Every structure is written in C-alpha cells, then in structure tokens.
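Only one structure is covered here, and it is reproduced in the block below.
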Ligand SMILES: [Zn+2]
Ligand SMILES: [Zn+2]
C-alpha cells in the first residue's frame, strides 16, 4: 500500500494505524460532528464531539450526589401478605452474598456499583489531578476499559423483568428511589458517550507528529496512539508496552473461550433460580425461565431474556471459534461478515448479565421463608463466570492477527 507524505505545515492530518486491522492511513482533521472509520475494517477510529472537562466534572459531582439514594433507596416495592417489602440495589447484592455466593455478589456489585462510582471518581481525579500535576495516565487507561462495565441501564431493564415476574405473586409498585436511579442511569450514559478519550489524551499528553518512516509506526492498543515506541519498547504517550502483535493473544483467548464453553454446560443444565411457593419447590433453568415467561403472556420480555442469556453467548462463542480457526488455518472466507457479527455480539454482550440482575432483585423482594421464597440456583455462578470469560476472550484476541491471515490469503490471489 502506498502512503502519501503529509504536506503543508499547518495541516493537522496525521498518520494513524487501525487498532483492529493494523491498516496505516492518513487521518484528516475532524470537525465536531464527524467521526473517522477504518477504510478496511470499518472500525471506529475517533469521533469529533466531546464535552468540556467542566461539564464532565459537573456530571461526575451530580452522579456522586445521586448515588447514595439510587443505591440504597427502595427501587421497587411489593405488598405481600400485608407487609411491604422493598428491593434496593445494595440489598440484592447483600442477599446473594449472605446466601453463600460472594463471587456472584461481587460480579453484580462491580457492574452496578463499582464501575459507575469509578467513572465519577476518575473524572474528578482528571480534573483536580491535572491541576496538581499528578500522573493521569493510569486513570485515562482505566477509563478506556471502564465503558462496557457500567451496567446501570441493564439493571434498569432487570428491574422491569423482575417486576413482571413478581406480579404473579404480589402487587408491585415503584419505589421512592427510582427517580434518583433513573437520573443516575441517564447521566452515566450521557457522560460515557460524551467522554472523548482521544481528546483527553491530546489535552493532557500532547504528542508531536513523529518524523520518519510511516511504515515503521506502531499503534498502541492501550491508548490508540500511532507512533514509534521509545527505547524501552513503550508507547511514548501512555507508557504501555508496545508489541508488533499482542504476545500470547491466541493462547489467552483459547483458554478463556474453552473455559467459557465448559462453564456454559452447567449454566444451562442446572437450575438458575429456585422458587418455594406454598411448600412446593419450582426449579427453573435459564431456558425453562424463558419458556415460562413466554407462556404467561410476556413474549417481549421472554424475547429480551432469550437474546441476552442464550442467543448472544452462543453466537459470540461460535463467531470467536470460527475466527480463531481462521487464524490457525489462514482462511479469510466471509471475514468481513464474521467481524461485523463479532462487533454486534460484543456490543450486545454486556446484556448477558441481565439474568443475574433479575435474580439479585427477586431475592431481595421475595423472601418470606416457608410461604414464598426465591433463591439463586447453582447455575448463576457458572453463567456469570462464562459471560465474563467471553468478554475477556474478545478483549484478549488481537484482531490484527485475523487480518494478517486475510492479507496473506489476498496476496496468494494477486501473485
Ligand atoms: Zn481497520
Ligand atoms: Zn499508548
């Protein structure tokens, strides 16, 4: 591929390599409403719009003020046998923990409580740390990874699913902290979409356009800067180690993927929730839960749970397997379709946590000992772990390896 030299001293165009396929191209300066996509694999490279730091700080402060209400206050409440029971986010996590599953409890706690809190605190750290000359790199690197772990929106849908399920047994009402929770969710989504990390990096750690052979430039997967590694083979901007291809990427991805496949077997065969209603015990697996939702006239909710808990994990694993075999056998058959499918399931992938959130809410709502109670089945732990392992498998796969196979395949035909 021919790369033309950048001319004109006032031009802000710069060389950029695509993080996903390693293509080298020239990135023109963008206006506020523009976004740049890779010409080969259509990965999003950078977008122009962002909010000033003052507005992000205001959002972070508001989020921190809302959090005590949203996390501890009643979100939904039910009237059961003349008593009023409230479900709050913390209560649900505590219920899972006290029933002897601290690992599942911490998974739920991290996605609903830890990640939003970290988001707000990191923005404040950037604002004030910059003023006092502190090292902002670790926080910027963490913000890059934090995005998909803030799952307040998924928990909100989980509340709706739990409310529909509980309606069979009791009257459901909105709790007093629901408004605070809705506001917090909205603010976190707005903050995440308007935090432009590329511009934050440029503001705090501006880099000169490197001079030299553009072909020898590397892209840093941690901060997406394209340039020459320093003498320690580190990225000049974020100090993360730079390598031509991620070392042990295939081994790590295979390990996470195989573990996820194995864990999905008990996750689907064992009961994920157990309900005791007037002395009778009803075990539900993920699939039978979907079926009972569908047959009780809640087809749309059943469809959401089916997509989040069954369709997405299996599609993700199938696509990842074909991509990994594609790398090993150097095939590029329908590569662009598979990449598109992978992006789609990665984007929906976080929704797989939905079932766990529903369980956490149900456990804090329906807990009347002998008469009516709801507990988590053993499948919940396996399912949660499998979801997190597939998230990691996608993260660990250096997708440039896929395109290496594509390049050699194409070279065969052009020779
Ligand atoms: Zn690309
Ligand atoms: Zn970097």
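Derivation of every value follows stated rules applied to the coordinates shown; laboratory data play no part. Because the structure is a prediction, the values reported are computed rather than measured. Neighbour counts are summed over all protein chains in view; Cβ atoms, including those assigned to glycine, are modelled from backbone coordinates with ideal geometry.
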Relative contact order in percent for segment 245-415 (Cα pairs under 8 Å, 6+ apart) equals 41
Roughly what % of DSSP beta bridges within the chain run antiparallel, to the nearest 5?
100
Scaled to the compact-protein estimate 2.2 N^0.38 Å, what is the alpha-carbon radius of gyration of the chain, rounded to two decimal places?
1.10
Starting from the coordinates of the alpha-carbon atoms of segment 121-201, obtain the Kirkwood hydrodynamic radius over all distinct pairs and give the value in Å to one decimal.
15.2
Sort 292-298, 377-383 for me by packing, meaning the mean count of neighbouring Cβ atoms within 10 Å per residue, highest on top.
377-383, 292-298
Can you tell me the equivalent ellipsoid semi-axes for segment 245-415? Use √(5λ) from the Cα gyration tensor, largest first, whole Å.
40, 15, 11
Distance between segment 312-339 and segment 49-91 - C-alpha centres, whole angstrom
40
Where does helix 354-365 land angle-wise versus the long Cα axis of the chain, in degrees 0 to 90, nearest 10?
30
Taking the chain as a Gaussian network, where each spring joins two C-alpha atoms under 10 Å apart, which residue of 305, 166, 219 fluctuates the most?
166
Suppose the chain between residue 121 and residue 277 were pulled fully straight at 0.36 nm per residue; how much longer would it get relative to their current alpha carbon spacing?
51.8 nm
Express in nm, to one decimal, how much length is gained between residue 248 and residue 128 on full extension, taking 0.36 nm for each residue of separation and deducting their alpha carbon distance.
39.4 nm
17 Å reach of a label modelled at residue 340, 7 Å along Cα-to-Cβ, counting backbone N of segment 15-52
37-44
Please work out the ratio of the alpha-carbon Rg of segment 1-127 to 2.2 N^0.38 Å and round it to two decimals.
1.69
Quote to one decimal, in nm, the extra length available between residue 186 and residue 205 on full extension: 0.36 nm per residue of separation minus the C-alpha distance between them.
3.8 nm
How big is segment 50-206 on each of its three principal axes, counting only the C-alpha atoms and giving the largest first in Å?
63, 31, 22
How high is the relative contact order of the chain, in percent, with contacts defined as C-alpha pairs under 8 Å that are six or more residues apart?
20
Order these by the 10 Å Cβ neighbour count, fewest first: 286, 262.
262, 286
Sites residue 331 and residue 265 - FRET efficiency at Förster radius 22 Å, r taken between beta-carbons, to 0.05:
0.20
Taking the Cα atoms only, what angle lies between the long axis of helix 115-131 and the longest principal axis of the chain, rounded to 10 degrees?
40
Quick one: among 139, 291, 211, which has the greatest mean-square fluctuation in a GNM of the chain with alpha-carbon springs under 10 angstrom?
211
How large is Rg over Rh for segment 21-70, taking Rg from the Cα atoms and Rh as the Kirkwood inverse mean of 1/r across Cα pairs?
1.24
Just to confirm the number: angle between the C-alpha axis of helix 137-146 and the first principal axis of the chain, 0 to 90 degrees, nearest 10?
50
Expressed in angstrom and rounded, the centroid-to-centroid distance over alpha carbons for segment 132-202 and segment 276-299 is 29
